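Participant: Input: one structure, supplied below.
The values are calculated or read from the model by the stated rules, or taken from the named source; none is laboratory data. The structure presented is a predicted model; accordingly, all values stated were derived computationally and were not measured. Note: ideal-geometry Cβ built from the backbone for every residue, glycine included; neighbour counts use all protein chains shown.
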Amino acid sequence: MMRKKEIGMISLALTILIIFSILQFINFQSSPENIIPDGTGEMIWVNNIIEIVVAIGVISLFLITIVIHRKFTKFEGYHQVVDEKYNGSLQDNNISETDIGQLIERFSPVQIIVHAVTAISILTLYVTGIPLLYPEHLGWITDIIVLSRNMFLHRLAGLGLLSVAIYYLIYSALHIKYVKRDFITNIIPTSNDIKGAISDLLYVLGKKATRYESRKFNWLEKIDIFSVALFDGLIMCSSGLIIWAPWLFSSFIPSSYLISINVLHGGFAVLSLCGILLHFYVVHLTLHRFPMDFSIFTGTVPLQEAQEEYPLWVKEVSGDKS
């Protein structure tokens, strides 16, 4: 039976090997000129579909932001409990000062490191990539960094994101195989998450008096996890590799398709940015977490906050069967 530390070391070694192999494979290939066409009308309908999907995604994220804002505006929650503690008015609550100071582990050291590398990589990709989409308005950012250095940083950050995706995939597979399955089952969407989303909407509309009780990750956090895994880890990394070294794929991808891959990469970058802004708002700017939630840095959250936000998870951790 392997331990978590051994799984982490094996995953890291395999990730480095895979990334090194990818870089060597790209470097050893010749780069034919004019592999990407200047323009084509063959794939206009595909480009239009991509733009429609991006537009629908952005609008959906905006609507979700409204729902979440209203949810936390109505929710009095943990921040008032803390305020009452400092005001010395705990007598009307069934919460002791010991409970408020108690912490519970929410994120493992591996999750903290993976999140840090992912966040730095994604933010770097936005800073170096989005200005290329809107040079008239944001071209000054590229001018400050210098285009050649800008592209180097963009590709380096892309490799960082790809490394995280590969590492976490290997780590998850080994953890499920040799430790326990709840590592992955906590983030798998279920019918309860659909119920949770509907329940939150009814709560916001005043049709329900209480909030939905969540496990370790609620429905919105699972959307965050899978949006990073699907959009950033899979779609953005794969399309980015094709744009970086199109000659590697020219034997089975028609050159006219490369225009659409560029559109896909840029459009989903905008969609990803909107999703990250929603994530940043929910995690850091909602009333009971403002100005910043430090749990992803410390790995722990106050027990009382966990009981308010993730009551079913706290019961599982504590072994409470009630």
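Participant: Can you confirm whether Gly196 is of a type outside the set (Ser, Thr, Tyr) and at pLDDT 80 or above?
Facilitator: Considered against the rule, which asks whether it is of a type outside the set (Ser, Thr, Tyr) and at pLDDT 80 or above, Gly196 comes out as yes.
Participant: From the list Ile104, Ile95, pick out the single residue that is farther than 28 Å from Met151 by Cα, surrounded by 15 or more Cβ atoms within 10 Å (Cβ to Cβ) and at pLDDT below 50.
Facilitator: Residue meeting the stated conditions: Ile95.
Participant: While we're here: In the set His265, His279, which member is within 18 Å of the chain's Cα centre (by Cα), free of Cβ contacts under 8 Å to residues at least 60 places away in the same chain and farther than 21 Å from Gln111 by Cβ?
Facilitator: Within the list His265, His279, the selection yields His265.
Participant: Moving to a separate point now. Among Thr128, Thr118, which is the only one that is more than 22 Å from Ile26 (Cβ to Cβ) and either assigned to a helix (DSSP H, G or I) or among the polar types (S, T, N, Q) (or both)?
Facilitator: Values: Thr128 fails: more than 22 Å from Ile26 (Cβ to Cβ).
After ruling out the rest, the residue left standing is Thr118.
Participant: Here is a follow-up. Please specify each residue of the stretch 196-211 satisfying the condition of being closer than 16 Å to Trp313 by Cβ and either exposed (fewer than 15 other Cβ atoms within 10 Å of the Cβ) or in contact (Cβ under 8 Å) with a residue 60 or more places away in the chain (or both).
Facilitator: Matches in the stretch 196-211: Arg211 only.
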